[in-house]
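Read the structure below first, then the notes.
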Amino acid sequence: MFQLTMWKTWHSVLCWLAVPVLIIMACLFQDVGFDVLQGMRQLERTPRSQIVSVIEGEVNLEGQAVSVGEVLSAPHSNTECFYYLYILEEERTDSDGDTYWAEILRESQTVGRFNLQDASGVIPILPNRDVYSVDSDVYYQGSYRHTEYRFHPGDTAFVFGYAQNNAGQYSVEFESEGQYTPVVSAFGEKGERQGMASSSLLWSFGALASASFAVMFCCWALNVHRLLVFLSIVSMVQGLGLVYLGLAMLKHDLESSHERAVRQQERAQEEIESLLRKSGESWSGDWEEKDVFDQKRLDAGLPSKDLDRVQGIYGDVAAGITRFNAVRARFPERFLAPLWGVKPVSEMPLAESFAPGFDGQKDIVKVPIGSWTWGLMLVFGVPTAIILPFVGFRKIKEKRYIEN
């Protein structure tokens, strides 16, 4: 009898100790998932720019990586690269006779600069070791495994960073604060967005699972063993939590997107005014001024590169505004935005006629969840959703039989 009482006491204590740990885990998981999802949203609302039209702020670029003289040699393969992460592992056997790979060396290095080139121009990229998203090559040599992640000269790179203006010369770096997730990727924009969506989904699942277990341990500690009570509390916690987080995310997304659209429009105005001044053209700042944004007229007064830059900047900013307004017009954003004081931004109506690339920039391309995520759902999620409730309800029936 004494042992049973002690066990019940310790069981209750352990349950109460588990509850705050699981709540903290749920908050941390959801916070990470929220950040990843925000990163994906930031990328969605930043249109792809040509290098010729880069202005200060967050930039979405794609081009070919070109050397400026500095290259590295990967430790194992001796392949020339701009970046490498090298991992050396040794195959070992544990006390149970099972083999495993033990990491014995990890080393990474990047060049201080390389150039990104597209059809419109070249811009310096100033990376750090944490921004790369690249594939790996694996080599086996006896009981050793060598893994190298490399980014090479000539690779096609998607870059999401922050453009800085240094005396009229632009470069992209990744240290400045802004609405972007720093990345130099060999997988492209769609690949990165797909990875963000899948990662956010898994982190959110971890948060919901942790919250559910916290409720379960709380019920155990209180000696509440009624299924209806447990399911009611779980539904309430998850429902209220998801509604609160969803509203918080929407509010933050709308406010930050509005702020970026307005800020980039102001920066674009300063840059275009500077370019027009070179040709002796005056501009009132009105984006609907057809006499100013006339391609034939500007072609006569501006160098070809400056005209391309004016058109590109106009199109980039107009596409960013169009994307923001499209998001704001969706359900439920169109009902919530007025409550939060987030107003639409005036469109730039000459974009379609004046900016050649606008039509390809204005729409947010939908990206599906990664195939590996669907695979996890089908292989583990569906069987678990079928088997565990079946087992659980059988246990409940057994408990009821004993009680009766």
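The values are calculated or read from the model by the stated rules, or taken from the named source; none is laboratory data. Note that this is a predicted model, so its numbers are computed, not measured. All Cβ positions, glycine included, derive from the backbone under ideal geometry; neighbour counts span all protein chains shown.
Assess whether Glu289 counts as being under 17 Å from Val59 (Cα atoms) and surrounded by fewer than 13 Cβ atoms within 10 Å (Cβ to Cβ). Walk me through how you get there before you give the answer.
Details: under 17 Å from Val59 (Cα atoms): no; surrounded by fewer than 13 Cβ atoms within 10 Å (Cβ to Cβ): yes.
Judged against the criteria, Glu289 is not a match.
If only one of Ser232, Ser185 is small (Gly, Ala, Ser), at pLDDT 90 or above, out of contact with any His (no Cβ under 7 Å at 6 or more places or on another chain) and not assigned by TED's automatic domain parsing to the domain that holds Ile87, which one is it? Explain how you work it out, then say what you get.
Details: Ser232 fails: at pLDDT 90 or above.
Within the list Ser232, Ser185, the selection yields Ser185.
Name the one entry in Leu37, Leu88, Leu105 that is over 25 Å from the mean Cα position of the chain (by Cα), surrounded by 14 or more Cβ atoms within 10 Å (Cβ to Cβ) and either in contact (Cβ under 8 Å) with a residue 40 or more places away in the chain or not in a helix (DSSP H, G or I) (or both).
Values: Leu37 fails: over 25 Å from the mean Cα position of the chain (by Cα); Leu105 fails: surrounded by 14 or more Cβ atoms within 10 Å (Cβ to Cβ).
That would be Leu88, the only listed residue that is over 25 Å from the mean Cα position of the chain (by Cα), surrounded by 14 or more Cβ atoms within 10 Å (Cβ to Cβ) and either in contact (Cβ under 8 Å) with a residue 40 or more places away in the chain or not in a helix (DSSP H, G or I) (or both).
Please go through the stretch 375-404 and pick out each residue that is of a type in the set (S, T, N, Q) and modelled with pLDDT under 70.
First, the residues of the stretch 375-404 that are of a type in the set (S, T, N, Q): 384, 404.
Passing the criteria: only Asn404.
Select from the stretch 329-342 the residues that are surrounded by fewer than 12 Cβ atoms within 10 Å (Cβ to Cβ) and within 29 Å of Glu289 (Cα to Cα) and list them in ascending order.
The answer is Ala329, Gly341.
Which members of the stretch 282-297 meet the condition of being within 38 Å of the chain's Cα centre (by Cα) and either part of a helix (DSSP H, G or I) or in the same structural domain as Ser120 (by TED's automatic domain parsing) (or both)?
The one that is within 38 Å of the chain's Cα centre (by Cα) and either part of a helix (DSSP H, G or I) or in the same structural domain as Ser120 (by TED's automatic domain parsing) (or both): Gln295.
Kindly provide the set of residues from the stretch 298-316 that are over 21 Å from the mean Cα position of the chain (by Cα) and in contact (Cβ under 8 Å) with a residue 40 or more places away in the chain, ordered by number.
So the first thing to find is which residues in the stretch 298-316 are over 21 Å from the mean Cα position of the chain (by Cα), and the list is 298-315.
Once the filter is applied, which keeps residues that are over 21 Å from the mean Cα position of the chain (by Cα) and in contact (Cβ under 8 Å) with a residue 40 or more places away in the chain, the stretch 298-316 yields Lys305, Asp308, Arg309, Gln311, Gly312, Ile313, Tyr314, Gly315.
Restricting attention to the stretch 328-362, which residues are in a helix (DSSP H, G or I), among the basic types (Lys, Arg) and free of Cβ contacts under 8 Å to residues at least 60 places away in the same chain? Give the steps one after another, and end with the answer.
Within the stretch 328-362, the first condition is being in a helix (DSSP H, G or I), and the residues that meet it are 328, 333-339, 351-354, 358-361.
This time we only want the ones that are among the basic types (Lys, Arg), so: 328, 334.
Passing the criteria: only Arg334.
Search the stretch 48-61 for residues that are over 11 Å from Gly312 (Cα atoms) and at pLDDT below 95 and pair each with any residue that is among the polar types (S, T, N, Q) and in a loop (DSSP other than H, G, I, E, B) when their beta-carbon atoms are under 6 Å apart and the residues are at least 6 apart or on different chains.
none
Anything in the stretch 66-117 that is of a type in the set (D, E, K, R) and under 13 Å from His152 (Cβ atoms)? List them, or say none.
Result: Glu80, single match.
Which one of these is among the β-branched types (Val, Ile, Thr), surrounded by fewer than 19 Cβ atoms within 10 Å (Cβ to Cβ) and touching a residue at least 12 places away in the same chain (Cβ under 8 Å): Val234, Val183? Before you say what the answer is, go through the steps one by one.
Values: Val183 fails: surrounded by fewer than 19 Cβ atoms within 10 Å (Cβ to Cβ).
Only one candidate qualifies: Val234.
Can you find a residue that is outside any helix (DSSP H, G or I), in contact with a helix residue (DSSP H, G or I) (Cβ under 8 Å, 6 or more places away or on another chain) and surrounded by 14 or more Cβ atoms within 10 Å (Cβ to Cβ) anywhere in the stretch 309-327? If you could, list the steps in order and put the result at the bottom.
Of all residues in the stretch 309-327, those outside any helix (DSSP H, G or I) come to none.
Checked the stretch 309-327: no residue is outside any helix (DSSP H, G or I), in contact with a helix residue (DSSP H, G or I) (Cβ under 8 Å, 6 or more places away or on another chain) and surrounded by 14 or more Cβ atoms within 10 Å (Cβ to Cβ).
With Ala65, Ala74, Ala26 as the choices, which residue is over 21 Å from Ser185 (Cα atoms), among the small types (Gly, Ala, Ser) and surrounded by 17 or more Cβ atoms within 10 Å (Cβ to Cβ)?
Values: Ala65 fails: over 21 Å from Ser185 (Cα atoms); Ala74 fails: over 21 Å from Ser185 (Cα atoms).
Result: Ala26 is the single residue among Ala65, Ala74, Ala26 that is over 21 Å from Ser185 (Cα atoms), among the small types (Gly, Ala, Ser) and surrounded by 17 or more Cβ atoms within 10 Å (Cβ to Cβ).
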